[in-house]
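See below for the structure under consideration.
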């Protein structure tokens, strides 16, 4: 499940990834919100907080994530990934080469630092 967090403001979208991400999460929550931001701003910023119980993506959700990311690879300014297992950090590092955004990975307890960095 994707939750929009209260720290979301202006061109910065802050989400929390909980349990397992589904196609519905992308098609009903995340993609519409990102598309709305892209209509308002040239570049957007993102923060993804990975909850401790996160179990990954459904195949269709992973495809939606990759497809949207490639279509909008130049539309992001900064992306912070907070928490997650080592495999998520590896995926993030590989994915960061495919987009123009600056990407940083933060530990679970560095939420405030990640938000500060993305806001700058």
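Please tell me if residue 35 is surrounded by fewer than 20 Cβ atoms within 10 Å (Cβ to Cβ), out of contact with any helix residue (DSSP H, G or I) (no Cβ under 7 Å at 6 or more places or on another chain), under 21 Å from residue 115 (Cβ atoms) and modelled with pLDDT of 90 or more. Judged against the criteria, residue 35 is not a match. Residues that are more than 11 Å from residue 21 (Cα to Cα) and touching a strand residue (DSSP E or B) at 6+ places or on another chain (Cβ under 9 Å) within the range 64-80 comprise 69, 72, 75, 76, 77, 78, 79, 80, listed in sequence order. Residues in the range 21-45 that are within 13 Å of residue 3 (Cα to Cα) and touching a residue at least 40 places away in the same chain (Cβ under 8 Å): 21, 26.
The values are calculated or read from the model by the stated rules, or taken from the named source; none is laboratory data. Every value quoted in this text rests on a predicted model; they were computed, and no experiment measured them. Virtual Cβ from ideal backbone geometry, glycine too; neighbours counted across all protein chains shown.
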